Structure formats: structure tokens, C-alpha cells
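Just so it is clear, none of the values below were taken in a lab; they were calculated from the coordinates. On a predicted model such as this, the values are computed, not experimentally measured, just so you know. Cβ: placed from backbone, ideal geometry, glycine included. Neighbour counts: every protein chain shown.
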Amino acid sequence: MPHAHGHGGHHHHGPGGHHHHHPTDFGTAFLVGIVLNLGFVVIEATYGWWANSMALLADAGHNLSDVLSLAAAWGAAVLAKRPPSRRFSYGLRGATILAALTNALLLLVAVAFIVYHAVIRLLIPDTVESGTVMIVAAIGIAINGATAIMFARGRKSDLNIRGAYLHMVADALVSAGVVVAGFGIAVTGWLWIDPVAGLAVAGLIFLVTADLLRDSITMALAGVPRGIDPEKVEAHLLGLPGVTRIHDLHIWPMSTTEFALTAHLVMPDGFPGDPFLAGCAHDVEHHFGITHAAFQIETGADCRQDGHGHG
């Protein structure tokens, strides 16, 4: 338990304790994306069965996982807007982190699904209605590309939106691969082109999913979000006038867009006053994007080296 000397029990949330950065509302994008993709799943599965195309059927399964992931991301975005309660003092912002993690896991399931069926098709080649495959897959490129564009502006600032965006981009890539495969089969008659294209696309999806999975797991475990360097934050706070030591520095995500910080600042020369603390909160928000900051000041000439260490 940290020691508080003099005014050491003071906490301050400053301006960073208020909600400055509300996540952008993507409700329309989610609704349009879900409706378009659900309709396309029905069309693609129907024509995939008719054309005897495992590539189309696999893509339909991948599209279905996208519909589920979009629904999860939308639900999380809605939950994030709910006000805090006694039990959930930060509200339900953390649902966006769970949705991002779910999206990553669903993408991995989709990759496994595609690889499984591609390997089977390599072992047991079958004839394919290549013309139908190309037309249906081309429609998929248009639908998934349009949906991805709707989420593009939020992909860098919100991990949850990034998950939805990556799903749509991955689906457009799968559809493009199916078009190429269909064309290749039509021109050459080589049936192995279809599964090989599927494996290549699965590899691309896996690469982008690994990045999303790493970030979402880090956030789910209350790790410091990527883009915030805790050593730079600590150095900034140590550079403040009167601060001689820092301990119990914690930085964690409350959602995919909002981050929190707590720290104990040792200031032997006395409590600096509220303007200093308000400035601290403003600085960490301005320099590091940390919107919720709380500081405890430990004061008094007898502040002892109690071995807490940094961080």
C-alpha cells in the first residue's frame, strides 16, 4: 500500500476525467453492412451449390462470419454509450474490446474454414461453373468494398471499427481471389487454380488478423495500448516541477478509443495545488491521448524511498 505524507492523499482527475472523445457513430454503416452481406450470403450459397463451386460456398461461409462479427461490433458500440452504473463504474465501454477480440477469432475461424476446403479441393478436384463463379464473386467485391469504405475513416482510431473494416477488406480479397480462380479455370481448365487461390487469400487474411488479435488481447488484459509508450509518459511526469519520484504508474484501455492512467507522484516540498494537477491531466491527454487520468500526490520532507519502483 503506498504511503501518503502530508497532502499525500489527494487525488485529481482533472479535465482528463471527463468524456472528451466520444467514439464516432457508425450505426448506419453497421446496418447497411449487415443487410447487404446477409443478402449476399443467401445469393452466394445458392449459386455456389448450383455451380458446384467450393470456392463460392467457402466464401459464403466467410461472409456469414462477417455478418456475425458486424453484429457483435455494432452491439459493442451501442453498449459503449450506456452510462456508468454502481457496478460498472466505467459503463460498458469494455464491450468494444471484447468485440474486437471476437472479430479476430472469427477471422481465424474463417481462415481455417477456407484452408480446410481448399485442401480438400486440391486432393479431390471437381468441375466448376467458372462463369457463374466469376459473376457472383464480382458482386461480392462490390458489396464488401463498399462496406469497407464506410468503416475506413474509423479504422485507425478505434480497434472495434478496425476489426469490422478488416473483415470487409478480407472478404473483398476472398471474392477477388475467387474471380481470378474462376477466370483461370475458364481459360486453362486447371481445377487446382481454385484451391490454390483460396490458400493464398487465406494467408493474407491471417496476416492482417494476427495484428488485430495481438492488439485486442493486449487490451483485454488491460495492457498498455499500442501507440502509448509508458516510458515516455513516466519521463514526462518526472520532468514536471517538484516531482522527484513516480510509482504505481498504470495505463490501461477502458475501451478501444479511451485510455486511463493512475500514478503516485512524490513531491517532498508540499502539495502543489489543483492547477498543477489539472495541468498534469491536460498534458497526458494532449501528448498521449489518455483521456482519464488520476494522480495521487505524496508530500512531506520525510518522503522515504519505500522501494515501490517505477510503473
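Across the stretch 181-290, the volume of the C-alpha convex hull divided among the residues equals 124 Å³ per residue.
Exposure proxy for T209, T127: other Cβ atoms within 10 Å of each Cβ, ordered fewest to most, give T127, T209. Restricting the stretch 170-200 to chymotrypsin sites (Phe, Trp or Tyr not before Pro) that sit in a DSSP loop and have at most 15 other Cβ atoms within 10 Å of their own Cβ leaves W190, W192. Under the criterion of Cα pairs below 8 Å and six or more residues apart, the relative contact order for the chain equals 27 percent. Of V128, S175, L159, which is farthest towards the positive pole of the stretch 63-189's charge dipole, taken about the Cα centre with +1 and -1 on the beta-carbons of Lys, Arg and Asp, Glu respectively? Among V128, S175, L159, the one farthest towards the positive end of the dipole of the stretch 63-189 is L159.
Of all beta bridges that DSSP places with both ends in the chain, some 55 percent have antiparallel geometry.
Enumerate by residue number the trypsin sites (Lys or Arg not before Pro) in the stretch 83-186 meeting two conditions: DSSP loop (anything except H, G, I, E, B), and at most 10 other Cβ atoms within 10 Å of the site's Cβ. Qualifying residues, ordered by number: R86, R87. Positive contributions from Lys and Arg (+1) and negative ones from Asp and Glu (-1), summed over other residues with Cβ under 15 Å from the Cβ of D59, come out at -4.
In the chain, Rg over Rh equals 1.16, where Rg is the alpha-carbon radius of gyration and Rh the Kirkwood radius from pairwise Cα distances. Comparing mean-square fluctuations of S216, S89, S69 from a GNM of the chain with C-alpha springs under 10 Å, the top value falls on S89. Counted by neighbouring Cβ atoms within 10 Å, the residues T147, T28, T102 run from fewest to most as T28, T102, T147.
Computed packing ranks the peptides 109-115, 258-264 as 258-264, 109-115, most packed first, by mean other Cβ atoms within 10 Å.
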